[in-house]
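Reviewing the structure listed below.
The values are calculated or read from the model by the stated rules, or taken from the named source; none is laboratory data. Every value quoted in this text rests on a predicted model; they were computed, and no experiment measured them. Quick reminder, even Gly has a Cβ in these numbers, built from the backbone with ideal geometry, and neighbours come from all protein chains shown. Accessible surface is based on the protein model in full, side chains and every heavy atom, while ligands, DNA and RNA are left aside. Shrake-Rupley method; radii C 1.70, N 1.55, O 1.52, S 1.80 Å.
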Amino acid sequence: MIDNIVGRPIVAGVDGSTSALRAAQWAADEAAGRHIPLRLVHGVNTCVLAGTGGVALPQSFFDALEGEGRRMLAEAETAIRQQHPGLDVGVDLYTADPVPTLIDMSEHARLMVLGSRGRGGFTGILAGSTAVALVAHGRCPVAVIRGRTPDEAPPSRGAVVVGVDGSPAGEAALAMAFDEASWRGTDLLAVHTWIEFFSDSSSEYAGQFRVDWGALENCERELVAERMAGWQEKYPDVEVRRVVTRDRPVRCLLNHAVDAQLLVVGSRGRGGFSGMLLGSTSQALMYHAPCPLLVVRPAATP
């Protein structure tokens with residue numbers, strides 16, 4: 001991956017759900033292939049539970065919760081060790097608010113990995129503020145494992161798809177995407193969309209501005225070429241295909257990610273990917289990506 005996170009472990013959230021187990025197994029594949037440690041974490045927010053309705057809960061209740069959390073961690077660890085017997089796997093149980101816990105852990109992680117649905121310790125991790133907070137404030141890349149179930153055959157040569165927009169977060173995403181494509185031995189599909197400044201209702205008036213669409217498209221292609229040049233020299237083994245098109249970013253990315261191994265985007269963007277994880281675009285990708293989604297922050301740049 002990127003230079004300043006080499007040597008750090010991959011961290012996967014575990015909550016007993018099938019989705020979280022799939023995410024942990026995906027994280028284990030990544031960790032084993034890169035010969036780095038994997039940490040499995042589970043959290044129980046006992047502070048919130050202790051004040052519920054002003055009712056004092058017995059210590060046995062919290063002991064039972066912690067015991068269930070340890071059982072979930074042990075179950076996930078056993079499954080992973082069967083799959084990767086030589087992998088360095090550690091487990092951690094936290095009795096704290098998941099948001100600051102995950103954010104703090106991300107400072108020392110190479111990658112945070114989450115399932116697309118949750119229950120238990122990290123309940124709703126991709127259904128609201130927790131996911132948004134981790135993506136917005138986490139200090140390392142965040143992977144959301146979505147898409148095919150274990151009984152569905154994954155694409156044997158699916159590409160890595162990356163959104164390109166020229167922003168700092170976009171540069172970090174490019175770095176991560178090239179590295180992932182090289183490690184996976186597959187192609188990289190660089191997607192750039194433009195012409196997002198006319199809404200559907202106002203597009204009929206676009207002609208009044210006498211926009212030279214051909215010249216604008218050439219400018220967009222030049223922007224993509226400039227952003228890709230250095231990375232293609234660094235990763236000569238990666239075959240790059242480019243898509244530069246007038247389209248909405250979510251629709252375009254989702255379409256091209258159907259047969260992909262991985263979809264990589266920056267945490268914030270500009271131009272076609274403006275506000276990537278601050279509104280409807282982020283929700284669309286987090287809930288509808290047909291493959292694992294990797295969100296990269298600018299701090300991950302070399």
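Quick notes
- Residues of segment 281-302 satisfying the condition of being at pLDDT 75 or above and either crowded, with 18+ Cβ neighbours inside 10 Å or part of a strand (DSSP E or B) (or both): Leu285, Met286, Ala289, Cys291, Pro292, Leu293, Leu294, Val295, Val296, Arg297
- Of the residues in segment 94-117, at least one is basic (Lys, Arg), at negative phi and open to solvent by less than 20 Å² (accessible area, probe 1.4 Å).
- Considering segment 177-213, and only residues there that are of a type in the set (D, E, K, R) and outside any loop (DSSP other than H, G, I, E, B), the residue that is modelled with the lowest pLDDT turns out to be Glu204.
- Taking the listed residues Ala127, Ala131, the one that is modelled with pLDDT under 85 and farther than 17 Å from Ala27 by Cβ is Ala127, with no other qualifying.
- Filtered residues of segment 223-257 (kept if out of contact with any strand residue (DSSP E or B) (no Cβ under 9 Å at 6 or more places or on another chain) and either in a loop (DSSP other than H, G, I, E, B) or of a type in the set (Gly, Ala, Ser) (or both)): Ala229, Gly230, Pro236, Asp237
- Remark: pairs (first residue in segment 172-189, more than 11 Å from Gln232 (Cα to Cα); second residue part of a helix (DSSP H, G or I) and open to solvent by 20 Å² or more (accessible area, probe 1.4 Å); Cβ separation under 8 Å; 6+ apart in sequence or on different chains) = Ala172/Pro298; Ala172/Ala299; Trp183/Gly33; Trp183/Arg34; Leu189/His256.
- Out of Leu216, Leu174, sole residue that is modelled with pLDDT under 80 and in a helix (DSSP H, G or I): Leu216
- Within this structure, Gly67 passes the test of being more than 21 Å from the chain's Cα centre (by Cα) and at pLDDT below 95.
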